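Visitor: Dropping the structure in here first, questions after.
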Amino acid sequence: MKSSSEKIDLKNLSPGELKEFLGNFGKERYRSTQILRWLYQKGIHSFDEMTNLSKRFRQELSQVSFISTLHPVHMEQARDGTKKFLFQLGDGNRIESVLIPDKARLTLCLSTQVGCAFGCQFCLTGKIGWKRDLTVSEIVNQILAVRKMLPEKTSLSNIVLMGMGEPLANYENVTKAIELMVYPDAFKFSSRRVTLSTVGLLPELEQLAKEKISFRLAISLNASDEETRSQLMPINCRYPLRKVLEICRNFPLRPRTRITFEYVMVEGMNDSPQDAKKLIKILKGIPSKVNLIPLNEAPEIPFKRPSEEKIKGFQEILMEGGLTAIVRTSKGREISAACGQLQGKYSE
Ligand code: SAH
Ligand code: SF4
């Protein structure tokens, strides 16, 4: 029998890797379908619950592998219905996921790293720095843990990778986790309902363009010229706006798919009518949709949110310029569950 540290966490394996694992093990490959369904559709926690597998096989599996779980250590709910879940990981680090009800949708926002290395000036997650990447199982276990707490007959409709961390900086684990999210025998989400948000890491975006992507892409643009973007997002010095847009322009999107551009609105930095006009110009030729996110303020952040009128005016200029633009007021602000407010702690 293997010691627990040598055992494989089954939820770290992509569907292909699970098949291979079972193959090496002398088991028919179709068993992987059964196991995926137990893990991700039924959400079971132990091998004993896999009742369509022989007792002997279950025992063999438990000698070389295990089923990991995550349990929230704290939950907060805002008046608008948004819920924030705090999870403590095996090594004591903490991450958060946010459940956002909105009309017909129920969206879960997942974390992909503990902290974040990119230090965008307006983001609290950036202030804690990067601690480590999440494993595949830590990413998908957020979905399983939150799903367990939903009322009967309620199900998640959308997944967004917009919580703590920069998903493309944890490329391998994040893409494997997405594979599980959309795989028919695993979570079975439509690829149109899984969105990954990134600051635009060029090598990883190039890699994604080569691979078949099975999710929606959102780019955190936040400015319409190099200088402003570099002031707000230090990564722009390494991967400039111009190059990010060039990749977006050539990105092999599936028919009727658009790239979402997120634009956090910061008073006096990127909210003028000129900024709006520049934005129309730089997005020309890219199938796009703009999400204007009014800044969520915090004492540690040296910026203010523009007035409602200013935001509305900005949106109108974009729409007159032919862009689809919506103002996405973040939910859950009073419990620090809104965009850019996740820090893995809670008010006691
Ligand atoms: N690291 C990824 C995903 C997590 S951040 C990214 O940056 O895209 C998710 C979104 O929250 C990004 O679009 C980011 O620009 C936005 N955001 C960060 N801080 C914010 C704040 N204080 N107010 C409003 N939106 C913020
Ligand atoms: Fe990191 Fe995204 Fe926050 Fe920037 S906005 S610091 S990339 S989490």
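Visitor: Restrict the search to region 73-157; then list the trypsin sites (Lys or Arg not before Pro) that DSSP places in a loop and that have at most 10 other Cβ atoms within 10 Å of their Cβ.
Guide: Here the sparse-neighbourhood loop sites are R79, K103, K153.
Visitor: Residues with amide H under 5 Å of S65's amide H, sequence separation 5 or more or different chain, H placed in the peptide plane at 1.01 Å from N; which?
Guide: Excluding prolines and chain starts, which carry no amide H, the hits are I8.
Visitor: Taking square-rooted eigenvalues a ≥ b ≥ c of the alpha carbon gyration tensor, is region 30-156 rounded, prolate or oblate, where a/c under 1.5 means rounded and, failing that, a/b exceeding b/c means prolate?
Guide: Oblate, since a/c reaches 1.5 and b/c is not below a/b.
Visitor: Only bridges with both residues in the chain count here: give the DSSP antiparallel percent, nearest 5.
Guide: Roughly 40 percent of the beta bridges in the chain run antiparallel, per DSSP.
Visitor: At a Cα cut-off below 23 Å, give the lysines reachable from K312, other chains included and same-chain residues fewer than 8 away excluded.
Guide: K103, K277, K278, K281, K284, K289, K304, K331
Visitor: How long are the three semi-axes of the equivalent ellipsoid for the chain, computed from the Cα gyration tensor as the root of 5 times each eigenvalue, in whole Å, largest first?
Guide: Taking √(5λ) for each eigenvalue gives 38, 22, 18 Å, largest first.
Visitor: At a threshold of 8 angstrom on Cα-Cα distance, excluding pairs fewer than six apart, so keeping six or more, what relative contact order does region 123-274 reach in percent?
Guide: Reported as a whole number, the value is 19 percent.
Visitor: Count neighbours as other Cβ atoms within 10 Å of each site's Cβ, and list the GluC sites (Glu not before Pro) in region 117-213 that are DSSP loop with at most 14 such neighbours.
Guide: Those that pass, being in a loop and sparsely packed, are E152, E211.
Visitor: I'd like to check one number: the per residue accessible area of the chain, probe 1.4 Å, reported in Å² as a whole number.
Guide: 47
Visitor: For region 113-136 and region 246-275, write down the distance between their C-alpha centroids in whole Å.
Guide: Centre-to-centre distance over Cα atoms comes out at 22 Å.
Visitor: Given region 191-338, report the % of alpha carbon pairs whose separation exceeds 19 Å.
Guide: Pairs farther apart than 19 Å: 52 percent.
Visitor: Under a plain spin-label model, where a point goes 7 Å from the Cα along Cα-to-Cβ, how far apart in nm are D9 and A104?
Guide: Label-label distance for D9 and A104, simple model: 3.6 nm.
Visitor: With a 1.4 Å probe and every protein chain kept in, tell me what percent of the accessible surface of region 24-138 is carbon plus sulfur.
Guide: Of all accessible area on region 24-138, carbon and sulfur atoms account for 47 percent.
Visitor: Using the alpha-carbon centroid of each, what span in Å lies between region 299-348 and region 68-104?
Guide: 21
Visitor: While we're on this one: Answer rounded, prolate or oblate for region 48-103, using the Cα gyration tensor with square roots of eigenvalues a ≥ b ≥ c: rounded when a/c is under 1.5, else prolate when a/b is larger than b/c, else oblate.
Guide: The shape class here is oblate.
Visitor: Once neighbouring chains are kept in place and the probe is 1.4 Å, which whole percent of the accessible area of region 164-319 is contributed by carbon and sulfur?
Guide: Using a 1.4 Å probe with all protein chains present, region 164-319 comes out at 51 percent carbon and sulfur.
Visitor: D for region 115-155, whole µm²/s, Stokes-Einstein with Kirkwood Rh over alpha-carbon pairs at 20 °C and 1.002 mPa s: what number?
Guide: In µm²/s, the coefficient is 173.
Visitor: Mind giving me the FRET efficiency for C237 and T51? R0 is 35 Å, r the Cβ-Cβ distance, nearest 0.05 is fine.
Guide: Once rounded, the FRET efficiency stands at 0.05.
Visitor: Can you give me the relative contact order of the chain as a percent, contacts being Cα pairs under 8 Å and 6 or more apart?
Guide: Taking the mean separation of contacting Cα pairs over the length of the chain, I get 16 percent.
Visitor: I've got another one for you. For region 66-159, what relative contact order do you get, as a whole percent, if you take Cα pairs closer than 8 Å and at least 6 residues apart?
Guide: Here the relative contact order equals 24 percent.
Visitor: Still on this structure, please answer the following. So what's the back-of-envelope 222 nm ellipticity for the chain, counting only DSSP H runs of four-plus at -39500 (n - 2.57) apiece and dividing by all residues, rounded to 500?
Guide: -9000 deg cm²/dmol
Visitor: Also, I was wondering about something else. Output the 0 to 90 degree angle, nearest 10, between the alpha-carbon long axis of helix 308-320 and the longest principal axis computed from the alpha carbons of the chain.
Guide: Orientation of helix 308-320: about 90 degrees from the principal axis.
Visitor: Additional query: Could you identify which residue out of K188, K176, K331 has the top mean-square fluctuation in a GNM of the chain using Cα springs shorter than 10 Å?
Guide: Between K188, K176, K331, it is K188 that shows the largest mean-square fluctuation.
The values are calculated or read from the model by the stated rules, or taken from the named source; none is laboratory data. Source: prediction; values computed, not measured. Note that each Cβ is placed from the backbone with ideal geometry, even for glycine, and that neighbours are counted across all protein chains shown. Remember, those area values only see protein heavy atoms, side chains included, never the ligands or the DNA or RNA. Shrake-Rupley method; radii C 1.70, N 1.55, O 1.52, S 1.80 Å.
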